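Worksheet for the structure shown next.
The values are calculated or read from the model by the stated rules, or taken from the named source; none is laboratory data. Because the structure is predicted, anything quoted here is derived from the model rather than measured. Please note: Cβ atoms are built from the backbone with ideal geometry, for glycine as well, and neighbour counts cover all protein chains shown. The protein model used for the area step is the full one, side chains on, heavy atoms only, and it has no ligands, DNA or RNA in it. Shrake-Rupley method; radii C 1.70, N 1.55, O 1.52, S 1.80 Å.
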Amino acid sequence: MKASAFAYARATSVANVLELLSAYGERAKVLSGGQSLLPAMNLRLIAPELVVDIGELGELRGIAVKGSVITIGALTRHADLLKSSEIAAHAPLLKDAVAHVAHPAIRNRGTIGGSLAQADPASELPACMLTLGATIVVCGPGGERRIAAREFFSGIYETALTPQDLLVAVELPVTPRTSTHFFHEFARRHGDYAIVGLAAQAVVTDGRFADLRLGFFAVGDRPLLAMSASRLVGVSITPAVLSEACTALDAELDPPEDQQATSAMRRHLAKVLLTRCVSSLLARPDLCAGASA
Amino acid sequence: MTSEAENPETLSVLDRPNSYIGRAVPRPNLDRLLQGRGLYVSDIELPRMAHVVFVRSPHAHAKINRIDASAAKQMPGVIAVVSGRELSNVITPWVGVLSHLKGLKSAPQNAIAIDRVCWQGEAIAAVVASSRAQAEDGAELVSVEYEELPVVTDMRTALDPATPVIHASLGDNLAFERIHDAGAVDHAFSEADEMVEAEFVFGRHTGVTLEPRAVVADWNAAEARLTIYQGTQAPHMVQNIAALHLGLRESQVRVVCKDVGGSFGIKVHIYADEMATYALSKLLRRPVKFVADRVESFNTDIHARDHRCKGKIGVKRDGTITAFEIDDLTGIGPYSMYPRTSAIEANQVVNLVGGPYVTRNYRARARVVFQNKNVMCQYRAVGHPIACSVTEGLVDLAAMKIGMDSVEIRRRNLIADDGYPCASPSGLRFEQLSHQAALAKIVRMMDYEALRAEQAALRKRNVHRGIGIASFIEVTNPSAAFYGVGGAKISSQDGVAVRLDPQGSVICQTSITEQGQGSEALTAQIVASVLGVSMDRVRVILGDTDNTPYGGGTWASRGAGIGGEAALQATKVLRKNILDIAAAILQSAPGELDIVNNRVVNVADGAPRIELSELGRIVYFRPDTLPPGIQPELMATRHFVPREYPFAFTNGIQASWLEVDIETGFIKLLKHWVVEDCGTIINPQLVDEQIRGGVVQGIGAALFEKCVYDERGQLTNANMADYLFPMAGEMPDIDVGHVVSPTMESELGAKGAGEAGTAGAAAAVTNAVNDALRPFGTIITEIPLTPQVILTALGRI
Ligand SMILES: Cc1cc2nc3c(=O)[nH]c(=O)nc-3n(C[C@H](O)[C@H](O)[C@H](O)COP(=O)(O)OP(=O)(O)OC[C@H]3O[C@@H](n4cnc5c(N)ncnc54)[C@H](O)[C@@H]3O)c2cc1C
């Protein structure tokens, strides 16, 4: 389990990164936290010719709030998100989600940029980006591109990034104070990738959803912003309404089968999650008979 | 995790003032390990050392038509690429059979496959290079032309006439069969009011050691001697086998085994790639290092527990169990492992089923079949979890059928504590067990009645919790009956040498080994206590065939009971020798003197007479001042092996309290209790941690661990992401209590404790899940109990 030989460059600036990436194209790989890249290299699943370490680029690290926008640098580590008071205040969903990403040792190195570029469909952060309506900021040979999260994830480990692109930041709208959230995932062990997970953000007024965004993960080849959420907005929620929403959700899912769960089990768990989410956001235990999560 | 606060019973007959026995003394080697000064095989670097990487078969069964290593040999750093045929000039093949397992057969196995591979992961060539990375680069370029052969994967069809035979010379795929029939089973079933049958299915899993298997073999042509540095549990066994197959005398092989990063039975076997490494060193006349990587570990470390066992129990309405019957089937891969064989696990299952209970009516069949998967062999608590899960699962099913509480049915059927000596239905002799006391104690520890009340209250709120109980017996302190009688050169005796140095410190050499369980600590505790010196004066040397007495090592829960007794006896001799000399020096009588706190004192009033350092000075440097005719012997050696009982059985009971989320199939473990009886407890902390670690491995089997093979014999989860290892976050608190029934076979009275936790944990958890699911009329007898299994059983998906 030793990586094949590779060349290593410690990038000195974003421009330097872009230069190397255009020269090497698919033969180069950007190194952020290395928590996904290095295991894959050690298993010789991939063998890049050049590894471009962006770790020294301080300008890519950090969290800033300006007006109604939170900007998170690509190199911001999972552990930084977890500790940040800005994130706790303005994007609390993200804080809850990050606590489910791997283990402390991995969170100390893994970065948000790496996680989004990796685009594992079972990953927490990509789904949060959909739920929170994030914009992904990318620098490439043609300059800067700003890509809506909805457009960014295109398949298993696939994104709108080309081999010449560097993900530099994400921008999130500050969550309004009136908003609430729900995050839960089913994983066999703490820190494992989820079997199914849900990152939800909602505005509840007078016991009804004024807004509801449901970002599911591990239910398909990319995170899913469920359209079925719209069935729950502006109406009084009864078990029947909820059950219809579950049926509608089911039609949106295309879950994979793997060693942890069949596709049918993922469908089932997604519906359980939706039910528990609605019950929790509306503080209506009656909607959730039989559950003790 | 908490331990039961007080242990009212004395833990040991030897627990007396100034004794370390029965006390939670920290392991003396901890500082060294925590400060990074351990010496693991992976750390060893020798001059001119090369690294070997094995090219491994991607197919489960294939003919090797051609191996082309020309490109690999051109790679920078590559020293040699060696095939199985080339290596067979240096090392001979072996067959993993034992004569006392009648009918057991297996085929010759080579260090590196020749002409044919029989499981995915079997080595077909060795690439030796200056570094591991260079060897891996070379291995990528070895091109092999395979011709795939039909694979045998499903043990259920392995014996069908239509299934290909893996080794034509053996005639069929049956490695071993044992049939046992005791008492009057048919009559007993006819007398039962109810009968329950079930099939229990166990997932194949493995013992994931933190440090993988690792060897450095160093052939010194000038001395004609091979030094093997290896993380093994049994150095003398490795010495014997390496010598045998390399055509050397045992005295030409030295095995050194310093720190070992976990074993669990994984490192008590002889693996083909390790044999190949010894042979490569001899062939290339230089040190060669092999360290398995994680993927290799999953593909080649022995697997265990791949069983399907049908069971039947008869019970009367008053709760009397009338008979047990089982039919066990297990698949062991293409070869029986060497030298302990792969029939032992099934044999143990037959031995152990029904063991805690009074009934003598027992019929069993076990069949062991070959398949094209990785080899299976002994792993912590060999056979016990299977036997315990089947027995305890059946007992619970019987209780359910007659509407009896699960504690009550056990109370009525467990052997009475005054019923010993007696024998199990399979004929194994019990010296003294304490099932009833253990049951009574665990019921108190868990506050059983209160838990039942809580369970009932929560059920009304649709919260489903369950209580699972499992009694068990454990085989420990094996005599020659385990392996020696079958012809294996695996010693069942152990030896200890102790010597006093001139400053009054003690050097102790023991043949038992240390893999983290505390062999070193308990040996030092015994020596210090028996001699009367403080523990910091005792230095323990183990794991070196040149520098320790001959012995078995540490496995099968034998280190403390056998090696500990040898330490006790050797130290008694040393103590007597010291007191004889002290009496001569002091013109006193040995009987009037004692050793306390590093000095010789008067028995009568405890008054100090002479420091051991002073005695040492006289003996070693001024023997001229001793009275004539006295020759001091400040070194003593003793060996020990149990002779009366083939095994020192221990017993215990476990309980699990958990919650099943019936919507998701997820299980939350809330609490686990164990009461066990390993006789004299030398170090309660070490025993409790052995129990806890064992329980965690048992829970791993119950909920998480499984080697998933596809129908083509491919192991599909050979990595730490997909093979779910039990982790601390999911583990409950584990409370441990003790009952103490020392064995009379030794003065120490200690039996083993290393496997008790693993023996019963899966059974307790499975019974608890079935207890939780009772309102749904669902019984699950398959582990691991994954959410998928539970949701399927509940009909939710
Ligand atoms: C044991 C373990 C458990 C884990 N569990 C989880 C989990 O539960 N949930 C989860 O979401 N993740 C999990 N991870 C993955 C972890 O979160 C990684 O940190 C993350 O996926 C990648 O971040 P990184 O900074 O380490 O990226 P790297 O490993 O450095 O890179 C990942 C990929 O992204 C590319 N890349 C990195 N940065 C950029 C950039 N700025 N622009 C363009 N491309 C870039 C790299 O070239 C590479 O292809 C786990 C990892 C481990 C080892």
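Figures for the structure shown
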| item | result |
| --- | --- |
| Number of the condition not met by B:Phe704 [criteria: (1) surrounded by fewer than 24 Cβ atoms within 10 Å (Cβ to Cβ); (2) within 14 Å of chain A (Cβ to nearest Cβ); (3) within 30 Å of B:Gln525 (Cβ to Cβ)] | (3) |
| Flag for B:Arg305 being surrounded by 24 or more Cβ atoms within 10 Å (Cβ to Cβ), over 30 Å from A:Leu45 (Cα atoms) and among the basic types (Lys, Arg) | yes |
| Listing of helices (runs of 4 or more DSSP H) fully contained in region B:367-471 that carry 2 or more residues being buried (at least 20 other Cβ atoms within 10 Å of the Cβ), charged (D, E, K, R) and touching a residue at least 12 places away in the same chain (Cβ under 8 Å) | B:384-402 |
| 2 or more residues β-branched (Val, Ile, Thr): qualifying strands (runs of 3 or more DSSP E) within region B:166-250 | B:194-201, B:214-220, B:225-230 |
| Test: residue in region B:731-751 that is among the hydroxyl-bearing types (Ser, Thr, Tyr), within 21 Å of the chain's Cα centre (by Cα) and open to solvent by less than 40 Å² (accessible area, probe 1.4 Å) | yes |
| Qualifying residue in region A:9-26 (condition: assigned to a loop (DSSP other than H, G, I, E, B), more than 24 Å from A:Asp120 (Cβ to Cβ) and either within 14 Å of chain B (Cβ to nearest Cβ) or away from the ligand (no atom under 15 Å from the Cβ) (or both)) | yes |
| Test: residue in region B:229-237 that is in the same structural domain as B:Gly265 (by TED's automatic domain parsing) and open to solvent by 20 Å² or more (accessible area, probe 1.4 Å) | yes |
| Counted residues, region B:389-437 - those being more than 30 Å from B:Arg643 (Cα to Cα) and among the charged types (D, E, K, R) | 8 |
| Meets criteria (open to solvent by less than 50 Å² (accessible area, probe 1.4 Å) and either away from the ligand (no atom under 16 Å from the Cβ) or within 14 Å of chain B (Cβ to nearest Cβ) (or both)) for A:His190 | no |
| Candidate set: region A:257-271, residues that are free of Cβ contacts under 8 Å to residues at least 40 places away in the same chain and in a loop (DSSP other than H, G, I, E, B); chosen: the one most open to solvent (accessible area, probe 1.4 Å) | A:Glu257 |
| Helices (runs of 4 or more DSSP H) contained in region A:34-141 and holding at least 3 residues out of contact with any Phe, Trp or Tyr (no Cβ under 7 Å at 6 or more places or on another chain) and within 9 Å of the ligand (Cβ to nearest atom) | A:37-42, A:104-107, A:112-118 |
| Those residues of region A:218-255 which are away from chain B (no Cβ under 14 Å), closer than 26 Å to A:Leu116 by Cα and not in a helix (DSSP H, G or I), in sequence order | A:Val219, A:Gly220, A:Asp221, A:Arg222, A:Pro223, A:Leu224, A:Leu225, A:Ala226, A:Asp254 |
| Selection within region B:323-351 - assigned to a strand (DSSP E or B) and surrounded by 24 or more Cβ atoms within 10 Å (Cβ to Cβ) | B:Ala323, B:Phe324, B:Glu325, B:Ile326, B:Asp328, B:Thr330, B:Gly331, B:Tyr338 |
| Check on A:Ala149, open to solvent by 20 Å² or more (accessible area, probe 1.4 Å), in contact with a helix residue (DSSP H, G or I) (Cβ under 7 Å, 6 or more places away or on another chain) and more than 12 Å from the ligand (Cβ to nearest atom) | no |
| Inter-residue pairs, beta-carbon under 8 Å, first in the same structural domain as B:Val353 (by TED's automatic domain parsing) and at pLDDT below 95 and in region B:185-200, second surrounded by fewer than 14 Cβ atoms within 10 Å (Cβ to Cβ) and among the charged types (D, E, K, R), 6+ apart | none |
| Tally, over region A:155-184, of residues that are small (Gly, Ala, Ser), under 25 Å from A:Ser68 (Cα atoms) and away from the ligand (no atom under 13 Å from the Cβ) | 1 |
| Close pairs from region B:161-173: first within 15 Å of B:Ile332 (Cα to Cα), partner of a type in the set (Val, Ile, Thr) and not in a loop (DSSP other than H, G, I, E, B), Cβ under 8 Å, at least 6 apart | B:Asn173/B:Val369 |
